[in-house]
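Encoded as structure tokens, the structure appears first; notes follow it.
The values are calculated or read from the model by the stated rules, or taken from the named source; none is laboratory data. Source: prediction; values computed, not measured. Cβ sites come from the backbone with ideal geometry, for glycine too, and all protein chains shown count toward neighbours. Surface areas here come from the heavy atoms of the whole protein model, side chains and all, with no ligands, DNA or RNA. Shrake-Rupley method; radii C 1.70, N 1.55, O 1.52, S 1.80 Å.
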Amino acid sequence: MTLPDVTRPGQPDLQRFNAATAHLEPPLAVVDLPALRANAADMTRRAAGKPIRLASKSVRCRGLIEQVLASGGFRGIMAYTLPEALWLAAHDTSPDILVAYPTADRAAIARLAADPVARAAVTVMIDCPDHLDMIEKAAATVPAPGPVRVCIDIDTCYVALGGRMRAGARRSPVRTPADAAALARNAAARPGIRLAGIMAYEAQIAGVGDNPPRRPYYAAAVRYMQKKSGAELAARRAAIAAAVRAVAPLDFVNGGGTGSIEKTAAEDAVTEIGAGSGLYQPWLFDSYRGFSGQPAALFALPVVRRPGPGVVTVLGGGYLASGPAQASRLPQPYLPAGLRLDAQEGAGEVQTPLLGPAADGLAIGDRVWFRHAKAGELCERFTDLHLIEGRSVAATVPTYRGEGQAFA
């Protein structure tokens with residue numbers, strides 16, 4: 001197993017984080033507020049005046065979601081499940097919540113149809129008539145249901161070589177303007193449905209770094225693919241938006257992600273950008289040429305063993321990110337500099353050995369700071385986030401898990 005290289009800064013941040021959390025016992029998770037604010041400002045700059053819909057799964061902390069939405073440049077939430085969206089709406093977190101993935105939760109759909117406040121705030125995702133049928137049937141189980149807002153998800157994959165080459169996430173079967181218009185007509189014909197928007201998330205551009213370290217040929221291939229894909233998608237997304245608008249007016253056309261904000265914002269057809277990971281800047285987002293975020297979300301684990309020279313072992317650490325089972329999904333030791341995972345053990349459920357010259361300077365009880373591979377998934381491991389301002393904890397806020405919520 002080849003473990004990825006992660007750029008590490010000098011010692012001042014280590015001293016600051018240790019000083020701020022000296023009164024706390026690790027394991028613990030923090031968000032560095034100055035870094036978060038700087039990342040939010042840079043994302044807003046890259047969006048060039050178009051609003052960013054905040055991807056809640058990349059934050060998973062209601063208190064921080066509210067702070068970011070109040071900061072300017074961000075408008076609305078992109079939730080990842082309907083129960084989460086209903087919970088956020090019930091707490092007045094935002095009056096505009098788009099559920100980014102289709103739901104098969106009939107009970108949640110019925111709750112949505114029966115609640116006028118939630119119906120005004122929440123839009124659910126569809127990509128086939130079956131989704132519309134499910135919404136209608138679930139809504140029919142409650143008295144006096146109101147119309148449910150829906151958004152059409154568009155397939156953005158880049159396809160070449162007669163279909164033999166494909167890049168992008170396997171999401172929607174809706175690919176062409178004709179596909180989208182047909183589904184729009186189906187939705188518009190149903191009195192219990194209101195078509196509100198379309199979404200087209202280009203994972204192969206927004207979620208794939210174009211400057212991976214020590215992989216020049218792969219990087220060149222990624223850049224070529226992204227250039228071709230971006231040009232193809234811009235034309236197709238504009239045609240799809242026009243075709244759907246010919247059927248019904250749209251409140252929004254959503255696209256993009258942290259890795260493609262400025263590219264997607266340049267498209268006239270796109271009215272808003274969906275993004276969130278750049279706020280925390282997990283280490284997988286270090287490999288982009290177009291922007292450079294500041295690590296904002298970190299977790300600390302205590303040293304509990306010293307097996308030998310050049311080795312320490314910390315408690316826990318197996319906080320793996322979703323995606324293919326490979327080294328790029330492992331958390332990475334960040335501070336102090338000079339530590340790496342053991343390729344034979346990786347990040348363990350109850351202990352994680354760390355190798356490198358910095359190990360000999362660590363004592364039992366010292367803490368090692370890690371960065372997660374992805375953003376909000378870290379919050380599934382902790383009930384609280386300690387918000388650091390300078391050399392102190394300014395506040396402690398609960399994660400979704402800390403509020404007793406687990407949205408699968």
- Residue among V314, V304, V270 that is in contact with a strand residue (DSSP E or B) (Cβ under 8 Å, 6 or more places away or on another chain) and farther than 25 Å from L335 by Cβ: V270
- Name the pairs: first residue in the range 200-212 and within 13 Å of G230 (Cα to Cα), second residue of a type in the set (V, I, T) and not in a helix (DSSP H, G or I), Cβ to Cβ under 6 Å, at least 6 apart or on different chains? A200/I154; A200/T156; E202/T156
- Failed condition for Y224, given (1) modelled with pLDDT of 95 or more; (2) in a helix (DSSP H, G or I), with all others met? (1)
- Message: Contact list please: Cβ distance under 8 Å, first residue in the range 75-94 and closer than 16 Å to D105 by Cβ, second residue open to solvent by less than 10 Å² (accessible area, probe 1.4 Å) and among the basic types (K, R), pairs at least six apart or on different chains.
- Response: none
- Message: Looking for something open to solvent by less than 30 Å² (accessible area, probe 1.4 Å), touching a Cys at 6+ places or on another chain (Cβ under 8 Å) and among the aliphatic types (A, V, I, L, M) - is there at least one such residue anywhere in the range 356-373?
- Response: no
- Message: Condition first: open to solvent by 60 Å² or more (accessible area, probe 1.4 Å), in a loop (DSSP other than H, G, I, E, B) and among the hydrophobic types (A, V, I, L, M, F, W, C). Can you find one or more residues in the range 328-348 that meet it?
- Response: no
- Query: Just to be sure, is E66 closer than 17 Å to T93 by Cβ, acidic (D, E) and out of contact with any Leu (no Cβ under 8 Å at 6 or more places or on another chain)?
  - Reply: yes
- Message: If I ask for residues that are of a type in the set (A, V, I, L, M) and open to solvent by 10 Å² or more (accessible area, probe 1.4 Å), which ones from the range 69-87 would you list?
- Response: L69, A70, M78, L86
- Item | Cβ-Cβ under 6 Å pairs, at least 6 apart or on other chains, the range 327-351 side among the small types (G, A, S), far side buried (at least 16 other Cβ atoms within 10 Å of the Cβ) and outside any loop (DSSP other than H, G, I, E, B) | G338/A358
- Message: Name the residue that is least open to solvent (accessible area, probe 1.4 Å), counting only residues in the range 141-187 that are over 27 Å from the mean Cα position of the chain (by Cα), within 21 Å of Y224 (Cβ to Cβ) and of a type in the set (G, A, S).
- Response: A160
